[in-house]
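The values are calculated or read from the model by the stated rules, or taken from the named source; none is laboratory data. Model, not experiment: these values are computed from the prediction. Glycine gets a Cβ as well: all are built from the backbone with ideal geometry, and neighbour counts include every protein chain shown. In case anyone asks, the SASA skips ligands and DNA or RNA and just uses the protein heavy atoms, side chains included. Shrake-Rupley method; radii C 1.70, N 1.55, O 1.52, S 1.80 Å.
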Amino acid sequence: GLPGTGKSHLARAMGRSGGVNCVETSCAEWQAKGHLGNLLLAMRRSFDEALKNAPCILFIDEIDAIGSRDSADDNSASYRRQVVAGFLEQMDRVSLEEGIMVVGACNHPQHIDPAVLRAGRFDIKIEMPLPSMAMLQHLLAERLQDAFPEDAMLELARDCIGKTAADVDAAVRSARSEARHSGCPLDLQLLRRHLGVRELEENHGLLYRICVHECGHAIAAWIFGEAITQVRVAAAGGTIERDVPPNPGLASDFDRQLYVHLAGRAAERLIFGNVSAGAGGSATSDLAQAARIALAVDHELGLGAFGNGWFGPQDPAQLAEPDRKRLREKLDYAEDHARALLYPHQQLLQDMAANLVQKREFDAKVVRSWLRDVPRKNGPEPVLDQ
């Protein structure tokens, strides 16, 4: 999960709730001991300590720092191979013993060697999402005790959606510190300033646009049979968690993913007559993900313009003009199709978005209650000129 989502806290809580010992270490701590031989010795000592304290949880932070033998960087390939091999040896050693649970935490699991993550070494993978409103309310109540009324805490938790547990913890500490230094009591205005949240009225227009965007994604995903488990919005942006049902990987399956990725942008154009930059930005943005899918269809999957040709992953920034034109046309078509999908549901889209502005968070049950009357279908239909 992202930094600050509580991965380390969860690992420690597992030990406390189970009433067992907990040995904490990290790849950075092993590396700090010196060269490769020192690192491997420090690694072994951590595993030895866990065995000595069984039943025990061995918690390894920053486990992605172990690296992967498949990395393209050749400069330290030999070093990485030996580190990974040493770690696998220790994991296999403790797997033969009773009473040892190894827990790792990281921000980038894709950087870990596949042999480390295989079943029998790390059997369970848990993604730590950003905290829900209920989690934030619990965290604030724990940190602030009875300093504020329950309704104020609920509103504060709602406005904190999109922040990590670490963000909230740090803001509460900072607000307390300022209150002490100024000789004033801790009040909501001071706390809200340190949390970086403003009054709802100041953000209403922005929040409504974000909610329209996310609800557009939700409606399109629902139409194509996906399960929407969470929709969240904050002044900084919104997120939607959805489960794509298994499919055979036909060209139409990838088309549907393009429509869903661009449905937020399509919803903005449908309701406001224009679009914001909300669909673009980072490599995880809607436009970036849609572009990667469209390029993969043409260049890697044998389903697009080049038939059986395989040309490997494409860098969108390095495309020749004909390929750029083809990508633009494909994404334009996908946005048009998404807008056509949403067109019959404009009122639902606006009502759902208005409610999300107030609630800031929908769980799977709430999403189903909003979308239960929206027909679902198995494939795309021709685009209508709306």
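Of note:
- In a fully extended conformation the segment linking ASP243 and ASN203 would gain 11.4 nm over its present Cα-Cα distance, using 0.36 nm per residue.
- Inter-label distance, nm, simple model (7 Å from Cα along the C-beta direction), THR229/ASP351: 2.8 nm
- Using a Gaussian network model of the chain in which every pair of alpha carbons under 10 angstrom is joined by a spring, one finds that among THR229, THR284, THR164 the greatest mean-square fluctuation is at THR284.
- Straight-distance crosslink candidates among aspartates and glutamates, where the alpha carbon sits under 19 Å from LYS359 and sequence neighbours closer than 8 are dropped: GLU150, ASP151, GLU155, ASP159, GLU199, GLU201, GLU202, GLU214, GLU241, ASP351
- Using C-alpha pairs below 8 Å separated by at least 6 residues, the relative contact order for region 26-75 is 42 percent.
- Cα-centre dipole for region 1-133 with unit charges at Cβ (Lys and Arg positive, Asp and Glu negative), debye to 20: 180 debye
- Sites ASP323 and GLN110, calculated FRET efficiency, Cβ-Cβ separation with R0 22 Å, nearest 0.05: 0.25
- Here region 182-337 is treated with +1 on each Lys and Arg Cβ and -1 on each Asp and Glu Cβ, and its dipole about the Cα centre works out to around 240 debye.
- If R0 is 51 Å, the Cβ-Cβ spacing of LEU96 and ALA166 corresponds to a FRET efficiency of close to 0.90.
- Within the listed set ALA334, ALA251, ALA234, the residue fluctuating most in the Gaussian network model of the chain (springs between alpha-carbon atoms under 10 angstrom) is ALA251.
- If you take all other residues with their beta carbon under 13 Å from the beta carbon of LEU186, and give Lys and Arg +1 and Asp and Glu -1, the sum is +3.
- Mean shadow area of region 220-347, taken as a quarter of the surface of its Cα convex hull (nm²): 8.6 nm²
- Estimated FRET transfer efficiency (SER177, GLU24; beta-carbon r; R0 41 Å; 0.05): 0.90
- Extreme residue, positive dipole direction of the chain, given options ASN308, ILE126, LEU287 (C-beta unit charges): ILE126
- The charge dipole of the chain, taken about its Cα centre with unit charges on the Cβ of Lys, Arg, Asp and Glu (plus for the first two, minus for the last two), comes to roughly 300 debye.
- Taking all Cα pairs closer than 8 Å and separated by 6 or more residues, the relative contact order of the chain comes to 14 percent.
- Helical mean residue ellipticity (222 nm; -39500 (n - 2.57) per DSSP H run of 4+; nearest 500) of the chain: -17000 deg cm²/dmol
- 12 Å beta-carbon shell around GLU62, net charge (K/R +1, D/E -1): -3
- For the pair ALA77 and SER252, the difference between a 0.36 nm per residue extended length and the Cα-Cα distance amounts to 58.9 nm.
- Most fluctuating residue given options TYR343, TYR259, TYR79, as computed from a GNM of the chain linking Cα atoms under 10 Å: TYR79
- 1.4 Å probe accessible area per residue over the chain, in Å²: 53 Å²
- Computed P(r) (all Cα pairs; region 281-377; 5 Å bins; percent): 2, 11, 16, 16, 14, 13, 10, 11, 7, 1, 0
- For region 1-149: rounded, prolate or oblate by the Cα gyration tensor [a/c cutoff 1.5]: prolate
- Ratio Rg/Rh, restricted to region 98-186 and using Cα atoms, in which Rh is the Kirkwood radius: 1.16
- Relative contact order of region 1-98, pairs being alpha-carbon contacts under 8 Å that are 6 or more residues apart, as %: 28 percent
- Binned Cα-Cα distances of the chain, short to long, each 10 Å bin given as a whole percent: 4, 18, 22, 23, 21, 10, 1, 0
- Per residue, the convex hull volume that the Cα atoms of region 134-223 enclose (Å³): 106 Å³
- Backbone amide hydrogens, once placed in the peptide plane, bring VAL23 within less than 5 Å of ILE57, LEU58, PHE59, excluding anything fewer than 5 places away on its chain.
- Gap separating the Cα centres of region 245-293 and region 3-18, nearest whole Å: 35 Å
- Positive dipole terminus of the chain, leading residue within ALA157, LEU96, GLN358 (C-beta point charges): LEU96
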